[in-house]
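Peer 1: To start, I am sharing the structure in question, which I have written as structure tokens.
The values are calculated or read from the model by the stated rules, or taken from the named source; none is laboratory data. What you see is a predicted model, and the numbers here were worked out from it, not measured in a lab. We place every Cβ from the backbone using ideal geometry, glycine too, and count neighbours over all the protein chains shown. Note: areas computed on protein heavy atoms with side chains; ligands, DNA, RNA excluded. Shrake-Rupley method; radii C 1.70, N 1.55, O 1.52, S 1.80 Å.
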Amino acid sequence: MARPWTELEKEQYRSELYDLYVLQNKTMAEVAKILGIKFQTVYDRLKRLGIATCPERKLNYQNRRSDIIIPMGYSPDLAEFFGIMLGDGSLSHFQTIVTLGTKELPYVQYVANLMERLFGVSAKIAIRKRGYRDIYIGSVELTNWLQSEGLVFNKVKAQVNVPVWIFSRKEYRERFLRGFFDTDGSVYKLRFGTQIAFINYSLPLLRSLQLMLKKLSYSPSAVSAHKIYLTKRPEVIRFFREIVPANEKHQKRFENFIQA
């Protein structure tokens, strides 16, 4: 076990590493060379000091990707992807991730295919202990671009909103609604009918969804408990016929409820 540092040593190491690794954005190998210590020593000190390591952000990191395609313009596929990301997506400094549940396996491949069409590389799929799937692409260039287009690291804290360009075309609005509903929506049986719900903890996003639905001639409810609803039977049916959710679990529930 490494010996405890004195307070003076701790402050010295923190000052050195914060300046070199964070402010100057040096790699761990570069920091080791500058300080005349081993690479492993740099890593150990960063960990002990609680300074997060993120090599993919370093300018000289050997595995920075050059195969990512950054979209040159907007498209229906991109609108759907933004809906997915604002539903069950997340960003880290170097990964773009969509996390789906254990009952969504066909939809996992649908999302992976969509990401490959948009960005030109295969998305990887990781399985968590409880069966959840993470579909992800590792690329600093991609996460930086997605941030520039309005996505954020913490959607709830930032109270994220729908990008303005989504409203510019009807097809963009429809495809965004598909992606969002497939990930953060639900359909369920009421005593006297069937209801669609859109769930999110960002109030600006819910209000934009309301506006989007109204522009498409739907009659969404007011925001209530982080949700908005479509309840009129003709509108629920039209939503599934026109928006055509791609997540099989929603389609199956809708068919079961509407035929009951």
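Peer 1: Quick test of your reading of the structure: Gly50 fulfils all but one of (1) at negative phi; (2) modelled with pLDDT of 80 or more; (3) of a type outside the set (D, E, K, R). Name the failing condition by number.
Peer 2: In the conditions (1) at negative phi; (2) modelled with pLDDT of 80 or more; (3) of a type outside the set (D, E, K, R), Gly50 misses (1) alone.
Peer 1: Check whether at least one residue in the stretch 209-216 is under 20 Å from the mean Cα position of the chain (by Cα), farther than 20 Å from Glu104 by Cα and either modelled with pLDDT of 95 or more or loosely packed, with under 13 Cβ neighbours inside 10 Å (or both), and report yes or no. Can you show your working first?
Peer 2: At the first step, the residues of the stretch 209-216 found to be under 20 Å from the mean Cα position of the chain (by Cα) are 209.
Going one step further and asking which of them are farther than 20 Å from Glu104 by Cα, we end up with 209.
If we keep only those that are either modelled with pLDDT of 95 or more or loosely packed, with under 13 Cβ neighbours inside 10 Å (or both) as well, we get 209.
Looking for residues that are under 20 Å from the mean Cα position of the chain (by Cα), farther than 20 Å from Glu104 by Cα and either modelled with pLDDT of 95 or more or loosely packed, with under 13 Cβ neighbours inside 10 Å (or both), one finds at least one in the stretch 209-216, hence yes.
Peer 1: Tell me which residues, restricted to the stretch 171-226, are under 14 Å from Phe239 (Cβ atoms), without any contact (Cβ under 8 Å) to a residue 24 or more places away in the chain and either of a type in the set (D, E, K, R) or touching a helix residue (DSSP H, G or I) at 6+ places or on another chain (Cβ under 7 Å) (or both).
Peer 2: Lys214, Tyr218, Ser219, Pro220
Peer 1: Might you let me know whether the stretch 123-142 holds any residue that is of a type in the set (Gly, Ala, Ser) and free of Cβ contacts under 8 Å to residues at least 24 places away in the same chain?
Peer 2: Pass one, the stretch 123-142, residues of a type in the set (Gly, Ala, Ser): 123, 126, 131, 138-139.
With the extra rule that they be free of Cβ contacts under 8 Å to residues at least 24 places away in the same chain, the set shrinks to 123, 126.
Looking through the stretch 123-142, at least one residue is of a type in the set (Gly, Ala, Ser) and free of Cβ contacts under 8 Å to residues at least 24 places away in the same chain.
Peer 1: So Gln159 ticks every box in (1) open to solvent by 20 Å² or more (accessible area, probe 1.4 Å); (2) at negative phi; (3) of a type in the set (S, T, N, Q) but one. Which box is left unticked?
Peer 2: For Gln159, the failing item is (2).
Peer 1: Of all residues in the stretch 100-153, which are acidic (Asp, Glu), in a loop (DSSP other than H, G, I, E, B) and under 14 Å from the mean Cα position of the chain (by Cα)? Break it down stepwise before answering.
Peer 2: So the first thing to find is which residues in the stretch 100-153 are acidic (Asp, Glu), and the list is 104, 116, 134, 141, 149.
Keeping just the survivors that are in a loop (DSSP other than H, G, I, E, B) gives 104, 149.
Answer for the stretch 100-153, where residues must be acidic (Asp, Glu), in a loop (DSSP other than H, G, I, E, B) and under 14 Å from the mean Cα position of the chain (by Cα): just Glu149.
Peer 1: Turning to a different aspect of this structure: Please name all residue pairs, on different chains or six or more residues apart, with Cβ atoms under 7 Å, provided the first residue is in the stretch 5-30 and is surrounded by 15 or more Cβ atoms within 10 Å (Cβ to Cβ) and assigned to a loop (DSSP other than H, G, I, E, B) and the second residue is polar (S, T, N, Q) and modelled with pLDDT under 85.
Peer 2: Thr27/Asn60
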